[in-house]
1. Based on Cα coordinates alone, diagonalise the gyration tensor for segment 16-119, multiply each eigenvalue by 5, take square roots, and list the semi-axes in whole Å, largest first.
2. In segment 59-143, what GluC sites (Glu not before Pro) fall in a loop by DSSP, with at most 15 other Cβ atoms inside 10 Å?
3. What percent antiparallel are the DSSP beta bridges of the chain, to the nearest 5?
4. What span do the alpha-carbon atoms of the chain cover on each of the three principal axes, reported in whole Å from largest to smallest?
5. When a/c reaches 1.5 or more, the comparison of a/b and b/c decides; with that in mind, is segment 59-98 rounded, prolate or oblate per its Cα gyration tensor?
6. Ignoring ligands, DNA and RNA, please state the percent of accessible area on the chain from carbon and sulfur, probe 1.4 Å.
7. Determine the shape class of segment 100-211: with a ≥ b ≥ c the square roots of the Cα gyration tensor eigenvalues, call it rounded for a/c under 1.5, and otherwise prolate if a/b is greater than b/c, oblate otherwise.
8. Along the charge dipole of segment 23-274, pointing to its positive end and built from +1/-1 on Cβ of Lys, Arg, Asp and Glu, which listed residue (PRO250, TYR90, LEU118) has its Cα farthest out?
Amino acid sequence: MKCSLCDREAFTYIPYARLRLCREHFGEFIRSKVVRAMDRYGMVSSGERILIAVSGGKDSMALLHIMNSISQERSLRVLALHIDLGIGEYSRRSREIVSMIAKSFGIDLIVYDLKRDLGLSLPEMKKGIRRGTCSLCGLVKRYVMNTAAIELGATLATAHNADDIAIYILKNIVIGDWNSCIKLVPVIPEVKGYVAKKIRPLYEVYENEAMLYVVSQNIPYVDMECPYTYRGGIEERVREFLNKLEEERPGIKISFLRKFTRNIEVLRINREEHIGQCTSCGLISSRDMCSFCRITQKIFGEPQGKRVRDFFRSLEMVDTS
Ligand SMILES: [Zn+2]
Ligand SMILES: [Zn+2]
């Protein structure tokens, strides 16, 4: 089978676009899809500093490669952030691959090492509390990423793909969590000093496309799964359901996301926007203390938000332009 656009051998078939594409044209197809989504949702403007969160998995490595290849024409200043969770072999390999790729792309990489910079690895932090490991991990990562972007004056880019987002939206609808639902948009605006601007450039890129992208462009990634990954519950059921729908109606996930984004404003009406401040670290909080400061107080005896902020503040001098 030949590529629909040239004489080369086709690498994959895109059902919703009815295109067979070679490796080169597939790479271009995905990059232009990301650029179009960035324009559609008004994600970035020229000169913006973008902090890309990279775990080392296929999605974040695809994002790093795409953002790096479009950074010049879009005048974006990209740098990468990796959080070393200290989860044994999984974390060692992730950090190794991220460091290697960032270096080969010529992108500045900041590593926040939980054990080195906070004193405890994620599994060690978990010992002090009853909260589940994945839930603690999500809380810690969100706090560190938001803080890093605020202190570095950057926009945070995360690698959530269309499948992830569609699954989260449906899951939150099923469990009635509208508050989480309205956060699943392509751009979360900045609240100066509290919340960093966040963008999701892979909003319209399917999970299998991200995988095919790293394979087609020969980009190494961590193919190991975090040992704490739990497959079960509502998320998995929702995933199966959406995949079945997509099979019957190619493109339905993307059209679902576009309609969701267009209509989400309706949900914001009557929602009181309460922005409180954490009494310990000063960042956004709906209570006296933010959830990161509260949970670290339980684990360490003292809230640790300030310490995370100081870490990234001390990097301010780094010239990343
Ligand atoms: Zn081609
Ligand atoms: Zn706090």
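The values are calculated or read from the model by the stated rules, or taken from the named source; none is laboratory data. All figures in this text were calculated on a predicted structure; none of them were measured in a lab. Cβ coordinates were reconstructed from backbone atoms using ideal geometry, including for glycine residues, and neighbour counts include every protein chain displayed. What goes into the accessible areas is simple: the full protein's heavy atoms, side chains included, and nothing from ligands, DNA or RNA. Shrake-Rupley method; radii C 1.70, N 1.55, O 1.52, S 1.80 Å.
1. Numbers: eigenvalues 158, 61, 27 Å².
For segment 16-119, the semi-axes come out at 28, 17, 12 Å.
2. GLU73
3. 40 percent
4. So the extents along the principal axes, rounded to whole Å, are 64, 45, 38.
5. Prolate.
6. Within the chain, the accessible surface is 49 percent carbon and sulfur.
7. On the way: a/c = 1.45, a/b = 1.12, b/c = 1.29.
Since a/c stays below 1.5, the shape of segment 100-211 is classed as rounded.
8. Working it through, the farthest residue towards the positive pole turns out to be LEU118.
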